[in-house]
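Following: one structure in structure tokens, then a few remarks.
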Amino acid sequence: MQEPTQDHLIGTIVDGRYLVRSRLARGGMSTVYLATDQRLERDVALKVLHPHLANDPTFLERLSREAKAAASLSHPHIVGVLDQGEDGHIAYLVMEYVKGHTLRDTLTEQGALPPRLALALIDPVIEGLAAAHGSGLIHRDIKPENVLIADDGRIKVGDFGLARAVSANTSTGALIGTVAYLAPELVLGQPADARSDIYSAGIMLYEMLTGKQPYAGDSPIQVAYQHVNAAVGRPSDEAPGLAEDLDELVQWCTAADAENRPVDGTALLAELRHIRTTLTDEQLDHRQGPAPVSPAVMSPTTPMASTAGNATEALSTTVSPTEFISHQSNPTTIMAAGSAALQQSKTATTGPDADQDQRQPGKRELKRLERQQTKDRARAAATPVRPLREGNPRRRGVIWTIVIIVLAMLAASAGWFFGMGPGSPGTVPDVKNKTVAEAQQLLRTAGFQSEPRDVFDDDILAGLAVGTEPASGAEVRKFQPITVFVSKGAQLFALPGLTGGTLAEAKTALNAAEMALGNVTEAFDEKVPAGVVISQDPAKGTEVRHGTPVALAVSKGPQPIPVPDVRGMSQDAAAKALQDVGLKAVIAPETVNDKTVPKGAIVSQAPPNGTLIKGESVTLTVSKGPKMVKVPSFIGKQAKEARQQLEALGFEVKVNEILGGFFGTVRDQNPVDKDVPEGSVVTLTVV
């Protein structure tokens, strides 16, 4: 839903290409606008980062790599990353624009969903995560706000790559994420992996089935505490009647120990689809009573503060914004927000709802319990319950002396390791545009071990280094491996075939393939109708970069031919004249008399002029010559009367006067009493 608000960017053009039309949303990291890509003539979502991120060169370099990695991931259930760049003080990402609403809107409107709908909505989300995990990408911020539902029913996961780039840019120990969906290991400052996304998806499925989130508190720290110290309950406790398989699925995804969760999206997707096929229609269509209108984790006015160098920011959890939580050197100190809050969280986990653990466990839970019991027995067997022999004070003193000496040696070794040895910090050198050998030598000189990894890059030549992970200039321990990104050159895509369709269809196909429209020319074509594309350059199937202009030739239809005038020509000559210019001669079945056109010549044609298309016809009418008329005799009659009657018959009259023609009488006539052609000359001799 677009927000009607004033914004200085609205109406401007970013980077000479993206026309900002309206603001769609604003979050803790960026503002999202609806924009038009003027080069490709399509709508896009333009994510403009907040200034504190846009002004950090190290972050921008990392964001560029993350955007490229996300852009390489093409999947129907993942919002595509189309472009990334900077325009002055503006840093932006360009993403596919999905017109519709979010899963949060659906939950706000409907509350708890029936299992059939909940499983149908989360299936494409998990499928998209499976594709991302298979490509080595982790989302880190799965929540209903990042699940987009298009108006045509397509479901896509958005914001891949951004969470990782931002979390890497925060101060030491700072954590980015949405506290309601945060995996325990992320709260404790441990690295994220695919199972962290699975935990967030499990929390989201719990909310879809019950209409509420599993943990609530007056502050984010209380919610984070519960993620670490409590177990997510069964959805059926909040929504009685839900199938046991759904309880087990949610608790499998939200296990506190990541080892007990599905390893990645692919493993979860297989189990999810198995459950969908085994549940009965009654179980799938089970409905709850009235659900809460808007789930909330905490009061919207409660501020969520980052103590790791970021500005304190008040966040409304009604829309689950991405939040920052700061870790100190000891991960458990994140709970030091006051004994009252901790006591409240502890009481919440040991209250009356605790009797839910007395229920009969499901099959999957029994298997997990068996594995845990096996581990516990192994640890117990390896731990003596009493010392093998009783010691004495003197022996204990010697032992403590040895222990102290060993600890001192270990401390000295650790000091050397972290001060001068492999654990000492070093600065990652800049290897951009270096060969692989040169880049690895620079890293070895700086004390690092490196591994190359091939990536596509539009700007760096194939075989040269694009950058490193961690980025150049970062200070890291020397035992930490450095990944060198090596360019494979620009990623190429096969051009679609555009001939045979209209120009509008060709433009649509180019936009879909993310190519540009090049020069458009027109040409006559005898076989191709006007407006249809005759040819393209480059040709269909040619592999080119995104944004490559494609020239098109469009038909103007058959070339028009001026109609020649063949009137007065003989029939054969007229037919040949028309044939020579590509037209056909058709002879009219009836001939006509004409006193000026000889017999066998063309009297008229249709059309008489204008233009025709090659192969079209011209109808010719042939003359029978002049009409034969009998000349009556006017000898002895007055010349004036004779002239009038002869002219009425179509003759031309010539008068020869003798002695001045005093009497006006016709003395002689030529011709007389004969059939002659119409229009012939009749000579009268008058006296």
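The values are calculated or read from the model by the stated rules, or taken from the named source; none is laboratory data. Quick caveat: nothing in here was measured; it's all calculated off a predicted structure. Heads up, the Cβs are rebuilt from the backbone with ideal geometry, glycines too, and the neighbour counts pull from every protein chain shown.
Does Tyr18 satisfy being hydroxyl-bearing (Ser, Thr, Tyr), surrounded by 20 or more Cβ atoms within 10 Å (Cβ to Cβ) and closer than 17 Å to Glu514 by Cα?
Spelling it out, Tyr18 is indeed hydroxyl-bearing (Ser, Thr, Tyr), surrounded by 20 or more Cβ atoms within 10 Å (Cβ to Cβ) and closer than 17 Å to Glu514 by Cα.
Can you tell which of Glu657, Glu641, Glu678, Glu616 is of a type in the set (Asp, Glu), in the same structural domain as Arg567 (by TED's automatic domain parsing) and surrounded by fewer than 18 Cβ atoms within 10 Å (Cβ to Cβ)?
Glu616
Among residues belonging to the stretch 21-34 that are in contact with a Leu (Cβ under 8 Å, 6 or more places away or on another chain) and not in a strand (DSSP E or B), point out the one that is farthest from Ala516 (Cα to Cα).
Gly28
Only one residue in Asp141, Asp105 is among the charged types (D, E, K, R), closer than 15 Å to Met204 by Cα and surrounded by fewer than 21 Cβ atoms within 10 Å (Cβ to Cβ), so which one is that?
Unique residue meeting the criteria: Asp105.
Checking Gly497 against (1) surrounded by fewer than 17 Cβ atoms within 10 Å (Cβ to Cβ); (2) farther than 30 Å from Val554 by Cβ, which single condition isn't satisfied?
It is condition (2) that Gly497 fails.
Which of the residues that make up the stretch 590-627 are under 60 Å from the mean Cα position of the chain (by Cα) and not in a strand (DSSP E or B)?
Pro607, Pro608, Asn609, Gly610, Lys614, Gly615, Glu616
Considering Val631, Val622, Val603, which residue is farther than 15 Å from Asp572 by Cα and among the hydrophobic types (A, V, I, L, M, F, W, C)? Break it down stepwise before answering.
Values: Val622 fails: farther than 15 Å from Asp572 by Cα; Val603 fails: farther than 15 Å from Asp572 by Cα.
Being farther than 15 Å from Asp572 by Cα and among the hydrophobic types (A, V, I, L, M, F, W, C) holds for just one of Val631, Val622, Val603, which is Val631.
Is there a residue in the stretch 186-193 that is within 29 Å of the chain's Cα centre (by Cα) and modelled with pLDDT under 90?
Yes - at least one qualifying residue is present in the stretch 186-193.
Could you please find all residues in the stretch 215-260 being at pLDDT 95 or above, buried (at least 22 other Cβ atoms within 10 Å of the Cβ) and closer than 27 Å to Gly136 by Cβ?
Scanning the stretch 215-260 gives Leu249, Val250, Cys253, Thr254.
Take Ile149 and decide whether it is within 24 Å of Pro184 (Cα to Cα), in contact with a strand residue (DSSP E or B) (Cβ under 9 Å, 6 or more places away or on another chain) and either in the same structural domain as Glu514 (by TED's automatic domain parsing) or not acidic (Asp, Glu) (or both).
In short, no.
May I ask you to list pairs of residues, at least six apart or on different chains, whose Cβ atoms are under 6 Å apart, with the first in the stretch 140-160 being part of a strand (DSSP E or B) and the second being small (Gly, Ala, Ser)?
Leu148/Gly158; Ile149/Gly100; Ala150/Gly100; Val157/Gly128
Please specify each residue of the stretch 87-101 satisfying the condition of being free of Cβ contacts under 8 Å to residues at least 60 places away in the same chain, more than 11 Å from Ala150 (Cβ to Cβ) and either crowded, with 16+ Cβ neighbours inside 10 Å or under 19 Å from the mean Cα position of the chain (by Cα) (or both).
Answer for the stretch 87-101, where residues must be free of Cβ contacts under 8 Å to residues at least 60 places away in the same chain, more than 11 Å from Ala150 (Cβ to Cβ) and either crowded, with 16+ Cβ neighbours inside 10 Å or under 19 Å from the mean Cα position of the chain (by Cα) (or both): just Ala91.
Which numbered condition trips up Asp594, out of (1) of a type in the set (Asp, Glu); (2) modelled with pLDDT of 90 or more; (3) surrounded by 14 or more Cβ atoms within 10 Å (Cβ to Cβ)?
Single failed check for Asp594: (2).
Kindly indicate which of Pro564, Pro549 is in contact with a strand residue (DSSP E or B) (Cβ under 7 Å, 6 or more places away or on another chain), more than 30 Å from Asn670 (Cα to Cα) and at pLDDT 90 or above.
Details: Pro564 fails: in contact with a strand residue (DSSP E or B) (Cβ under 7 Å, 6 or more places away or on another chain).
Testing whether each residue is in contact with a strand residue (DSSP E or B) (Cβ under 7 Å, 6 or more places away or on another chain), more than 30 Å from Asn670 (Cα to Cα) and at pLDDT 90 or above leaves just Pro549.
At least 1 residues that are at pLDDT 90 or above in each: list the helices (runs of 4 or more DSSP H) lying fully within the stretch 35-125 that qualify. Step through it out loud before you land on a result.
Numbers: elements: 51-54, 57-71, 103-110.
Filter on the stretch 35-125 gives 103-110.
Of the numbered conditions (1) touching a residue at least 24 places away in the same chain (Cβ under 8 Å); (2) among the small types (Gly, Ala, Ser); (3) farther than 25 Å from Leu583 by Cα, Ala530 satisfies every one except a single condition; which is it?
(3)
Is there a residue in the stretch 499-508 that is among the basic types (Lys, Arg) and modelled with pLDDT of 90 or more?
Taking the stretch 499-508 and keeping what is among the basic types (Lys, Arg), we get 507.
With modelled with pLDDT of 90 or more added as a condition, the list becomes 507.
Within the stretch 499-508, one or more residues are among the basic types (Lys, Arg) and modelled with pLDDT of 90 or more.
Which members of the stretch 189-215 meet the condition of being out of contact with any helix residue (DSSP H, G or I) (no Cβ under 6 Å at 6 or more places or on another chain) and among the aromatic types (Phe, Trp, Tyr)?
Tyr199
Quick check, is Leu646 in the same structural domain as Gln571 (by TED's automatic domain parsing) and of a type in the set (A, V, I, L, M)?
Spelling it out, it is not the case that Leu646 is in the same structural domain as Gln571 (by TED's automatic domain parsing) and of a type in the set (A, V, I, L, M).
Only residues that are crowded, with 17+ Cβ neighbours inside 10 Å and not in a strand (DSSP E or B): list them for the stretch 510-543, please.
The answer is Leu510, Ala513, Glu514, Met515, Asp525, Val528.
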